[in-house]
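A short write-up of the structure that comes next.
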Amino acid sequence: MKTGSILYNFIISLWVGGIIIFTFLVTPVIFQSFGRDAAGEIVGKLFPYYFPYNLFLSLAALVIFLLFFGVRGKIQNKITIILLTLAILINLFVSFKLHPDIVSIKQQIQTFETQSDESQLRSQFRKLHGISALLNILLLIDGIALLVLHTPAKKQ
């Protein structure tokens, strides 16, 4: 059981750490270092790896959890299954629907630096980007909750 717990927590830590590093370190540095169009291109090159990475980790976490902990027992195990399932569903949606839709709209926008913020394409892009950002934060919260649920309480 201890090996399963270590492996599970490692996977969730990669998930949470990956989101934190990409969202709060890598992306802001790229956008501060390059023009808006160039930064968007660079970050756009990372997304085809970032989204499958998150999907893989959420699937791996579920498999490891089921193998070592199971569904029966404590309420925290049932909550964990719900949170992992939610993460997998969000990651599937982002990977196979939302991200392709964003890419399709982005390809139609010639430049973000000079094109009006009021254009319909920019409006659609902003809306989808907002949904993506919200789901990313939800996945971060989900992962943190999973870590908290399986951090052993200190015995006094």
Q: Tell me, please, whether a residue that is touching a Lys or Arg at 6+ places or on another chain (Cβ under 9 Å) and in contact (Cβ under 8 Å) with a residue 12 or more places away in the chain can be found in the stretch 54-76.
A: no
Q. Right, Gly17: in a helix (DSSP H, G or I), modelled with pLDDT under 95 and small (Gly, Ala, Ser) or not?
A. no
Q | Lone unmet requirement of (1) more than 21 Å from the chain's Cα centre (by Cα); (2) among the basic types (Lys, Arg); (3) farther than 14 Å from Leu146 by Cα for Lys97 | A | (1)
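Would you point out which residue out of Gln110, Gln115, Gln156 is surrounded by 12 or more Cβ atoms within 10 Å (Cβ to Cβ) and either at pLDDT below 95 or touching a Gly at 6+ places or on another chain (Cβ under 8 Å) (or both)?
Of Gln110, Gln115, Gln156, the one residue that is surrounded by 12 or more Cβ atoms within 10 Å (Cβ to Cβ) and either at pLDDT below 95 or touching a Gly at 6+ places or on another chain (Cβ under 8 Å) (or both) is Gln115.
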Q) If you go through the stretch 56-76, how many residues are farther than 18 Å from Leu139 by Cα, crowded, with 17+ Cβ neighbours inside 10 Å and modelled with pLDDT of 90 or more? A) 1
Q) Of the residues in the stretch 77-118, how many are farther than 29 Å from Leu66 by Cα, part of a helix (DSSP H, G or I) and without any contact (Cβ under 8 Å) to a residue 40 or more places away in the chain? A) 7
Q) So how many residues does the stretch 21-36 have that are within 24 Å of Thr111 (Cβ to Cβ), of a type outside the set (Phe, Trp, Tyr) and surrounded by 14 or more Cβ atoms within 10 Å (Cβ to Cβ)? A) 3
Q. Among the residues of the stretch 135-151, is any surrounded by 12 or more Cβ atoms within 10 Å (Cβ to Cβ) and at pLDDT below 90?
A. yes
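The values are calculated or read from the model by the stated rules, or taken from the named source; none is laboratory data. All values reported here derive from a predicted model rather than from experimental measurement. Virtual Cβ from ideal backbone geometry, glycine too; neighbours counted across all protein chains shown.
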